[in-house]
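Peer 1: First, the structure itself, so that you have it in front of you.
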Amino acid sequence: MPGNKKDNVTIIYTPWSNLKKDGSMATGQVSFHDNKKVKKILVPTRINAIINRLNKTKVEKFPDFAAERDEILKAKSKKNQASVQARKKEEARIAKERRELKYQKEHAYDDVFTEEALEANSNQNRDEDYLSDFM
């Protein structure tokens, strides 16, 4: 890094959301959306102790973006499948309840209209003087 070996280097701190990059800019060139968020610090001389501490904590990552994307898509797919399965299960439960209610409505009077109940209430087998018992 050429800036590491020079004196009188200006270091610029800003949030990444403040960085502005256009296609018309040269490679390595950036600008800022809001200049108030930019903090500039001048380092007059190179301090090896600071550089060494920074190098000890430096972490370089080389992520596999395709694999990460595949994992995210698999997770979304599993979530969608789970929601579809839950919805189908709920629909099946509701359909079963509706079938049971329909059966209950159709067969509500099955116990009332048995042969025994019909014979007990029938006028065919009455006594001839049933009206005299009335009063």
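Peer 1: Which ³J(HN,Hα) values, rounded to whole Hz and listed in residue order, are derived for segment 28-33 from phi using the Karplus coefficients 6.51, -1.76 and 1.60 in 6.51 cos²θ - 1.76 cosθ + 1.60 with θ = phi - 60°, glycine and proline given as x?
Peer 2: x, 8, 9, 9, 10, 6
Peer 1: Rounding to the nearest 10 and keeping the result within 0 to 90°, find how far the Cα-based axis of helix 65-106 lies from the longest principal axis of the chain.
Peer 2: 10 degrees
Peer 1: Amide H of residue 32 versus every other amide H placed in the peptide plane: which residues, excluding those fewer than 5 positions away on the same chain, fall under 5 Å?
Peer 2: Placed amide hydrogens put 20 under 5 Å from residue 32.
Peer 1: With bins 5 Å wide starting at 0, give me the P(r) of the chain over every alpha carbon pair, in whole percents.
Peer 2: Using 5 Å bins, I get a P(r) of 2, 6, 6, 7, 8, 8, 6, 5, 5, 4, 4, 4, 4, 3, 3, 3, 3, 3, 3, 3, 3, 3, 2, 2, 1, 1, 0 for the chain.
Peer 1: Counting only residues 5 or more places away or on other chains, whose amide H sits under 5 Å from the amide H of residue 9 once H atoms are built in the peptide plane?
Peer 2: Those lying under 5 Å, H to H, from residue 9 are 43.
Peer 1: Using only the Cα atoms of segment 5-50, build the gyration tensor, take square roots of its eigenvalues as a ≥ b ≥ c, and label the shape rounded, prolate or oblate: rounded if a/c is under 1.5, else prolate if a/b is larger than b/c, else oblate.
Peer 2: Prolate.
Peer 1: Please identify every one of the GluC sites (Glu not before Pro) in segment 48-83 that sits in a loop by DSSP and has no more than 12 other beta carbons within 10 Å of its own beta carbon.
Peer 2: Those that pass, being in a loop and sparsely packed, are 60.
All of the numbers you see were taken from the coordinates with simple rules; none came from a lab. In this text the structure is predicted, and so the values were computed from the model without any measurement. No Cβ is skipped: glycine too gets one built from the backbone with ideal geometry, and neighbour counts run over all protein chains shown.
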